[in-house]
1. All but one of (1) closer than 12 Å to Ile118 by Cβ; (2) hydrophobic (A, V, I, L, M, F, W, C); (3) in contact with a helix residue (DSSP H, G or I) (Cβ under 6 Å, 6 or more places away or on another chain) hold for Val74, so report the exception by its number.
2. What pairs come up if the first residue lies in segment 25-37 and is surrounded by 20 or more Cβ atoms within 10 Å (Cβ to Cβ), the second is among the basic types (Lys, Arg), and their beta carbons are under 6 Å apart, counting only those six or more places apart or on different chains?
3. Give all pairs with beta carbons closer than 7 Å in which a residue from segment 49-74 that is within 17 Å of Gln23 (Cα to Cα) meets a residue that is assigned to a helix (DSSP H, G or I); count only pairs at least 6 apart in sequence or on separate chains.
4. How many residues are assigned to a strand (DSSP E or B), out of contact with any Cys (no Cβ under 9 Å at 6 or more places or on another chain) and over 17 Å from Ala32 (Cβ atoms) when one looks only at segment 74-88?
5. Within segment 18-30, does at least one residue satisfy the condition of being in a strand (DSSP E or B), more than 22 Å from Gln126 (Cα to Cα), modelled with pLDDT of 95 or more and in contact with a strand residue (DSSP E or B) (Cβ under 9 Å, 6 or more places away or on another chain)?
6. Take segment 89-105 and flag every residue that is surrounded by fewer than 16 Cβ atoms within 10 Å (Cβ to Cβ) and in a strand (DSSP E or B).
7. Are any residues in segment 106-123 closer than 27 Å to Thr88 by Cβ and either buried (at least 18 other Cβ atoms within 10 Å of the Cβ) or touching a Gly at 6+ places or on another chain (Cβ under 6 Å) (or both), and if so, which ones?
8. Can you pull out the residues in segment 42-71 that are touching a helix residue (DSSP H, G or I) at 6+ places or on another chain (Cβ under 9 Å), surrounded by fewer than 18 Cβ atoms within 10 Å (Cβ to Cβ) and assigned to a loop (DSSP other than H, G, I, E, B)?
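The values are calculated or read from the model by the stated rules, or taken from the named source; none is laboratory data. Nothing here was measured: the structure is a model prediction, and the numbers come from that model. Note that we place each Cβ from the backbone using ideal geometry, even for glycine, and neighbour counts take in every protein chain shown.
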Amino acid sequence: MKNINKAYVSELFTYLQDGKREQFFAKVSDNAVWEVLGTHPIAGKYLNTKDFITATFARLDKCLKSISLHLKNVLVDQNYAAVEITSTGIANNNESYNNIYCWIIELNPDGFIISVRIYTDSVLVQRLIDENEI
């Protein structure tokens with residue numbers, strides 16, 4: 001049983017911040033349920049991590065020259081955490097892509113992420129895809 005606290009959750013998200021996606025996703029269940037809320041092309045419910053990555057990270061990566069994630073805040077209550085993240089990036093059209101995200105995550109007793117709800121700025125995501133998807 002893992003001690004799920006602010007330090008543990010912050011460490012997980014520091015992997016994303018440092019560009020170490022593989023290390024982050026190594027602590028995510030293959031069958032995690034992902035919900036991306038909003039009214040943009042990547043919004044939806046994904047029933048496993050592979051489908052989530054394909055529909056979101058992989059798709060957005062094709063629209064961006066660069067992106068950096070920055071962990072802003074972590075709140076933990078038992079096996080749930082709210083994680084605030086900001087991004088700074090440059091889209092393929094050389095426009096800034098600076099977004100804000102809130103991830104509500106659920107972890108199992110072993111410290112693996114088993115569900116995620118992601119809130120983000122739908123208009124920015126829509127514009128990024130409309131103007132930069134190849």
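1. (1)
2. none
3. Thr49/Phe25; Leu69/Leu16; Leu69/Gln17; His70/Gln17; Leu71/Ser10; Leu71/Phe13; Leu71/Thr14; Leu71/Gln17
4. Going residue by residue through segment 74-88, those that are assigned to a strand (DSSP E or B) are 74-77, 80-88.
Subset that is out of contact with any Cys (no Cβ under 9 Å at 6 or more places or on another chain): 74-77, 80-81, 86-88.
When the remaining residues are screened for being over 17 Å from Ala32 (Cβ atoms), the result is 74-77, 86-88.
Adding up the residues that qualify gives 7.
5. Scanning segment 18-30 turns up at least one residue that is in a strand (DSSP E or B), more than 22 Å from Gln126 (Cα to Cα), modelled with pLDDT of 95 or more and in contact with a strand residue (DSSP E or B) (Cβ under 9 Å, 6 or more places away or on another chain).
6. Of everything in segment 89-105, those that are surrounded by fewer than 16 Cβ atoms within 10 Å (Cβ to Cβ) and in a strand (DSSP E or B) turn out to be Ile90, Ser96, Ile100, Cys102.
7. Within segment 106-123, Ile113, Val116, Ile118, Thr120, Ser122 meet the criteria.
8. Across segment 42-71, the qualifying residues are Ala43, Lys62.
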